[in-house]
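For reference, the structure discussed in these notes is given below.
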Amino acid sequence: MTDARAERIAKLIEPLRVKPGSLVNLGRDFDPRYKAGLKKKHGVELLHTGVSLLAEYQERLAAQDTYGVLLCLQALDAGGKDGTIRHVMSGVNPQGVKVSSFKQPSTEELDHDYLWRYAARLPARGDIAIFNRSHYEEVLVVRVHPEILDRQRLPEHVRRADVWDRRYRDINNWERYLTDNGFKVVKVFLNLSKEEQRMRFMKRLDLPEKNWKFSTADVRERRRWDDYQHAFSEMLSATSTPWAPWYVVPADRKWFARICTAAVLAHTLMDIDPRFPVVGKEARKDLQAARHELEAEAPKGAPADPYAARHPVPEAGGEQHRRGRTAKRKHS
């Protein structure tokens, strides 16, 4: 990454990155209202820049067809995951993006290992996959609600006190395996304050068109706030690795959370630096033959190459520019 955009993005997200090996206390180390000194009126422009970068680099990613990218989004209820996905991915080609949400596991999913259903939704090379909640539910909600662990029907010797440490190890190894095979893992935790969550819940209750988004289960989960904060802190400490670090994105201001998420994803794509494939010598001969055939079909008075005529690009001492002008003269 060499341009000014890359440097600006790296500077913005650096305070959000969980340093691998650090011991995280979520309430102490990360402020949900942090905004890096930015003002909301600048947010639209910054988000537009991020979305444009994502569109540019996603096209390269798809064309190169070597790397895939997995974005894991974690948050408590009302943390803004859906809105973040909708805004951040608004400019990309939907054919290259797949969003998966993970609810309560089905009977079939419970008959497999706990990573099985997540592995089935991984991206193909050239694609971006988004997990709206992810395999980290297995060390978050399952940890807060151990009765869920009972339903996973694990062998008795596996369900020891160190089950969470082993799951952290398994997840780290799995993500290392994915990274080693060309699949970048991007992990974003949308960090919401307890008061902001209460306000968003009240809005869902007050506005009839938002009632459908509220569940009484949300209030029950809110009662376990401290348990979740502890589980998040442990997870961030144990699973932020050099190959797949966590970014704790302040989520009390939705506009800032969206800017930061776009920046983290753009940073990953720019670090990959995918390139358009270079056409080989034989393929280039075929392209030239196709060019001559299409130019010969140009109607009288029309440029042989309409695109080159409208967008002359100097190439090899102006050859492209001259070709556009020559094509125009030939049919005038």
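Kindly check whether there is at least one residue in the range 226-240 that is modelled with pLDDT of 95 or more, in a loop (DSSP other than H, G, I, E, B) and touching an Asp or Glu at 6+ places or on another chain (Cβ under 7 Å). Checked the range 226-240: no residue is modelled with pLDDT of 95 or more, in a loop (DSSP other than H, G, I, E, B) and touching an Asp or Glu at 6+ places or on another chain (Cβ under 7 Å). Quick one: count up the residues across the range 113-133 that are under 30 Å from ALA63 (Cβ atoms), in contact (Cβ under 8 Å) with a residue 60 or more places away in the chain and either part of a helix (DSSP H, G or I) or open to solvent by 40 Å² or more (accessible area, probe 1.4 Å) (or both). Qualifying residue count for the region: 3.
Within the range 141-195, if we keep just the residues that are free of Cβ contacts under 8 Å to residues at least 12 places away in the same chain and among the basic types (Lys, Arg), the residue that is nearest to PRO15 (Cα to Cα) turns out to be ARG169.
Restricting the range 86-120 to residues that are hydrophobic (A, V, I, L, M, F, W, C) and closer than 29 Å to SER52 by Cα, the residue that is farthest from the chain's Cα centre (by Cα) is PHE102.
Contact map, the range 244-271: residues that are assigned to a helix (DSSP H, G or I) and open to solvent by 10 Å² or more (accessible area, probe 1.4 Å) paired with residues that are of a type in the set (Lys, Arg) and modelled with pLDDT of 95 or more, Cβ distance under 6 Å, separation 6+ or inter-chain. Pairs shown: THR268/LYS184.
For the range 273-293, residues that are under 19 Å from ALA62 (Cβ atoms) and aliphatic (A, V, I, L, M) total 3. Looking only at residues in the range 272-290 that are touching a residue at least 12 places away in the same chain (Cβ under 8 Å) and in a loop (DSSP other than H, G, I, E, B), the one that is least open to solvent (accessible area, probe 1.4 Å) is PRO274.
At least 2 residues being under 19 Å from HIS267 (Cα atoms), among the aromatic types (Phe, Trp, Tyr) and out of contact with any Ser or Thr (no Cβ under 7 Å at 6 or more places or on another chain) is the threshold, and among the helices (runs of 4 or more DSSP H) wholly inside the range 4-82 not one reaches it. Any residue in the range 46-65 that is closer than 26 Å to TRP255 by Cα sitting within a Cβ distance under 6 Å of a residue that is among the charged types (D, E, K, R)? List the pairs, counting only those 6 or more apart or interchain. If the second residue must be among the charged types (D, E, K, R), the pairs left are LEU47/ARG258.
For beta carbons closer than 6 Å, sequence separation of 6+ or different chains, a first residue in the range 196-214 that is within 14 Å of GLY80 (Cβ to Cβ) and a second that is of a type outside the set (A, V, I, L, M) and open to solvent by 70 Å² or more (accessible area, probe 1.4 Å), the qualifying pairs are ARG204/LYS213. Filter the range 169-194 down to residues that are of a type in the set (Asp, Glu) and open to solvent by 10 Å² or more (accessible area, probe 1.4 Å) and give me whichever is farthest from the chain's Cα centre (by Cα). In this case the residue turns out to be ASP170.
Per the listing LEU110, LEU71, the residue uniquely among the aliphatic types (A, V, I, L, M) and surrounded by 17 or more Cβ atoms within 10 Å (Cβ to Cβ) is LEU71. With respect to the conditions (1) open to solvent by less than 20 Å² (accessible area, probe 1.4 Å); (2) of a type in the set (S, T, N, Q); (3) modelled with pLDDT under 95, SER215 lacks only one, and its number is (1).
The values are calculated or read from the model by the stated rules, or taken from the named source; none is laboratory data. Worth saying up front: this structure is predicted, and the values here are computed from it rather than measured. When we count neighbours, we look across all protein chains shown, and the Cβ atoms used for this are built from the backbone with ideal geometry, even at glycine. These area figures cover heavy atoms from the full protein model, side chains too; ligands, DNA and RNA do not enter into them. Shrake-Rupley method; radii C 1.70, N 1.55, O 1.52, S 1.80 Å.
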